[in-house]
Amino acid sequence: MTISKQKNKAFFVVDGNIGAGKTTFLRILSDYLHAHVVYEPTDKWQTIVGTENLLENFYRDTPRWAYTFQSYAFITRIIEQESHAYQFAQPIQILERSVFSDRYCFAKNCYELGFMTELEWKLYQDWFSWLVDNYVIRPNGFIYLRVDPIICHQRLTKRHRHEESGVSLDYLERLHQKHEDWLIHKLDVAPYVKDIPVLVLNCNQDFESSELEQKNLMESVANFIDQWMKIDWKKNPSVTIVR
Ligand code: TTP
Ligand code: MG
């Protein structure tokens, strides 16, 4: 049974560019809300067999590995989310990105830049639509961390994941536009994705080191989830929304 079929479970997705601060945001969020956080499975992309590192391969030779990477990203996200759903009792899960981030930002961008052929893009979209329509999981809301690409660049330089050393400002600008097209303008997205509520948070200001900024952001998230759960959550005392 997929999460979509489990009653009393809701899930929200934190989205944003590379280096926007999603992992940092989720760490803070897990302290504020009684929600279970599922981080992006980057470790699975970095260690697969022996010395093969798919993330590194992807950045080293993107046209060769883009389709492979997107396929594996899809399956590992689902496995990660499902395994957490069974391990934890909290009714709310918050995910770092989802298969929709891949579809509308990363995979699409790869195709547009010529890193996926016409055929690969068609195959990807075909199995993606079929799996999503039949088995996957519609998020209850997206939380979009909106950050200027130049700030993302500074943050990812600070984080220094060695595979990402070649990520350019130009690439971040393209991905930023993809997030805007998808989450703000809703360009070229499936109707059921269009209907999912989006909370947009301006995260340009450093929040890692500012308690006040953290509190403001967390309150916005709590309000967003609260609005969504208005009918149900009071009946369910295990959901705690701290303000
Ligand atoms: P991460 O939280 O690692 O960025 P991310 O999870 O969005 O990246 P990815 O897409 O790869 O998952 O933040 C990147 C770095 O930026 C990290 O070293 C912490 C730093 N940072 C700040 O210095 N100030 C901030 O306000 C934030 C949010 C992050
Ligand atoms: Mg992260």
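The values are calculated or read from the model by the stated rules, or taken from the named source; none is laboratory data. No experiment lies behind these values; they were computed from the predicted model shown. Here Cβ is always computed from backbone atoms with ideal geometry, including for glycine, and neighbour counts include all displayed protein chains. The protein model used for the area step is the full one, side chains on, heavy atoms only, and it has no ligands, DNA or RNA in it. Shrake-Rupley method; radii C 1.70, N 1.55, O 1.52, S 1.80 Å.
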> Between A10 and residues 5 or more places away or on another chain, which pairs have amide H atoms under 5 Å apart, with H built 1.01 Å from N, and which residues are they?
Replying inline: I92, Q93
> Pick from G21, G114, G50: which is most flexible by mean-square fluctuation in a GNM of the chain where alpha carbon atoms under 10 Å apart are linked?
Replying inline: G50
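Can you tally the net charge around N57? Count Lys and Arg as +1, Asp and Glu as -1, for every other residue whose Cβ sits under 11 Å from the Cβ of N57. Provide the component values of the computation, followed by the final result.
Details: positive: R60, R64; negative: E52, E56, D61, E163.
Net charge around N57: -2.
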> Counting only protein chains, not ligands or nucleic acids, how are K9, K194, K108 ordered by accessible area (probe 1.4 Å), most first?
Replying inline: K194, K9, K108
>> Just to confirm, what accessible area per residue do you get for the chain at 1.4 Å probe, in whole Å²?
In response: 49
>> Given the whole protein assembly as supplied and a 1.4 Å probe, what does the accessible area of F115 come to in Å², nearest 10?
In response: 60
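Rank these by accessible area, largest first, 1.4 Å probe: R27, R159, R103. All intermediate terms of the calculation are to be shown ahead of the outcome.
Values: R27 135, R159 100, R103 30 Å².
Highest to lowest solvent-accessible surface, that is R27, R159, R103.
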>> Cross-link candidates for K44: which aspartates and glutamates have Cα within less than 18 Å, leaving aside residues fewer than 8 places away along the same chain?
In response: E52, E56, E80, E82, E96, D102, E163, E164
> How large is the Kirkwood hydrodynamic radius of the chain, in angstrom, based on all distinct alpha carbon pairs?
Replying inline: 18.6
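When the helices in the chain are scored as -39500 (n - 2.57) per DSSP H run of 4 or longer and the sum is shared across all residues, what 222 nm value do you end up with, to the nearest 500 deg cm²/dmol? If you can, show how the numbers build up before the last one.
Details: 10 runs with 116 residues, N = 243.
Helix contribution divided over all residues of the chain: -14500 deg cm²/dmol.
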>> Using only the heavy atoms of the protein chains and a 1.4 Å probe, how would S129, S165 rank by accessible area, largest first?
In response: S165, S129
> Taking 0.36 nm per residue of separation and subtracting the Cα-Cα distance, what length does fully extending H185 through R161 add?
Replying inline: 5.5 nm
> What is the dipole size for the chain, taken about its Cα centre, with +1 at each Lys and Arg Cβ and -1 at each Asp and Glu Cβ, in debye to the nearest 20?
Replying inline: 740
> Hey, quick one: spin label on D206, modelled 7 Å out along Cα-Cβ, who in the stretch 144-166 has an amide N within reach, i.e. under 15 Å?
Replying inline: 151-159
> What are the semi-axes of the equivalent ellipsoid of the stretch 127-176, taken as the square roots of 5 times the eigenvalues of the Cα gyration tensor, listed largest first and rounded to whole Å?
Replying inline: 30, 14, 11
> With every protein chain in place, what's the accessible area of H153 (1.4 Å probe, Å², nearest 10)?
Replying inline: 60
